[in-house]
Amino acid sequence: MCEVRRNRSSAEGKRPSGDRRNVGAAVKYLSLIWSGIWRKPGRAILILLQVLIAFLLYGLLQGFKSGIDHVIAQTRADILVVHSRQSFGQPIPMAYFGRIQAVPGVKAVFVQNFLVGSYQKPTQLIVADAIDPDPKWAGYPGLAVSKTDLDTLIHTRTGALVSVTLARKYSWKVGDRIPLHSTILQQNGSPDWSFEIVGTFRETEHLGLDEAIIISNDYLNEARVDKKNTVNHFIVLTHDPKQLSAVAQAVDDLFANSLDETRTEPLREMAQSQFQSLGDINFVVRSVVGAVFFALLLSVGAMMMQSLRERSPELAVLKALGFSDTRIFWVILWESLVLCMFAALLGLGCAAAIFPLAKAYLGGISMPYAVAAIGAALAVVLALISAAMPAWRGMRLQVAEALGGR
């Protein structure tokens, strides 16, 4: 009797634990799922490319739309832009500055002129934002600049502050000179301008100056041939965003019926109008993404059904070896899930990698994390719907019929 107990104890000691059995089963099923995916490499690669391209397109379109919404939401709601009523960029008198500053509700007014020139190559365009660099400019909305760099700009006639992005792009450093070839001529008739780098700045909000330099408006006004004592527009910072409409109306009333009438608009509304000029982005994105996913659903579903028909004898053998109907159902479903999720994440990753490369053209627009999360959820839904019918037919498969060739 003692010998029997010892034999039982020895056998129990050699029996694998429950955890090890579960791990072994998981590895076995994973190998089975992986083999099922790559049973026909050509078909697997075709599905992979279809899903990848679809989610790449989704990531780019939805990321572009969400990025635009994010940029608009981040635009300051307490800023007005005063420009010519005739057209944006048409010069208006610099003398308007004091009268705008005196309007009730106005906190600060900033002059803004622009000089656009090419650097080294005609395609390397750089915008020089001309402002009045006095100590109060340290409060200019959306930009961060050190007091030392600002003081140096104030005392350097041809000085320039460069964005951190441009300094990194062209390996600029303090003391370097930036030659720009512009259509704006100097007093001596030369189209070539030169500015000395005295410091750097960075954007704290989206203003479109991430690839610009800042120069003194006094120098630009004195050195250029025409459009003297004029500005492209004024930036007006208000005390209360709720009074934005009232302040804008008061500013425009000051110059009504004058030779240079103004139009004052909230910066956020201008940003919305600029993007709306591209068309109904929401409708375009939804239409394109909807059509792509509908076509993808039909395509992947048809390929999964074809795969099931080709594998019917193999699935029948698995059932004959003891696989339950439920296990067959989940094996087919997991094949679709693994393939679709892998391809979708790869497509979303490619979309996310494209946005930084296009930063110079899209103004800092990027793909939010929410778009990637929704994309992953859509991939799961796509896999479940496209594999539901094949998995159901695999579960209902009759062993005798499948092995009999019917």
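Overview of values
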quantity	calculated
Cα-based convex hull volume of the stretch 188-253 per residue, rounded to whole Å³	151 Å³
Radius of gyration and Dmax over the Cα atoms of the stretch 147-278, both given in Å	17.9, 50
Burial order of peptide ranges 159-172, 246-259, 338-351 (average beta-carbon count within 10 Å, highest first)	338-351, 159-172, 246-259
Spin-label model distance (nm) - His239 vs Gln186, 7 Å beyond Cα toward Cβ	4.4 nm
Rounded to whole Hz, the Karplus (6.51, -1.76, 1.60) HN-Hα couplings of the stretch 112-122, x for glycine and proline	9, 10, 10, 10, 9, x, 9, 10, 6, 10, x
Protection-proxy order for peptides 118-125, 151-158, 327-334, each taking the mean of Cβ atoms within 10 Å per residue, highest first	327-334, 151-158, 118-125
Relative compactness, the stretch 38-105, computed as alpha-carbon Rg over 2.2 N^0.38 Å	2.32
Förster radius 35 Å - calculated FRET efficiency between Asn229 and Arg286 (Cβ-Cβ, nearest 0.05)	0.10
Simple spin-label estimate for Thr148 and Gln101 in nanometres, 7 Å along Cα-Cβ	3.0 nm
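Read-outs: derived from the displayed coordinates by stated rules, not from any lab. This is a predicted model, so every value here is computed, not measured. Quick reminder, even Gly has a Cβ in these numbers, built from the backbone with ideal geometry, and neighbours come from all protein chains shown.
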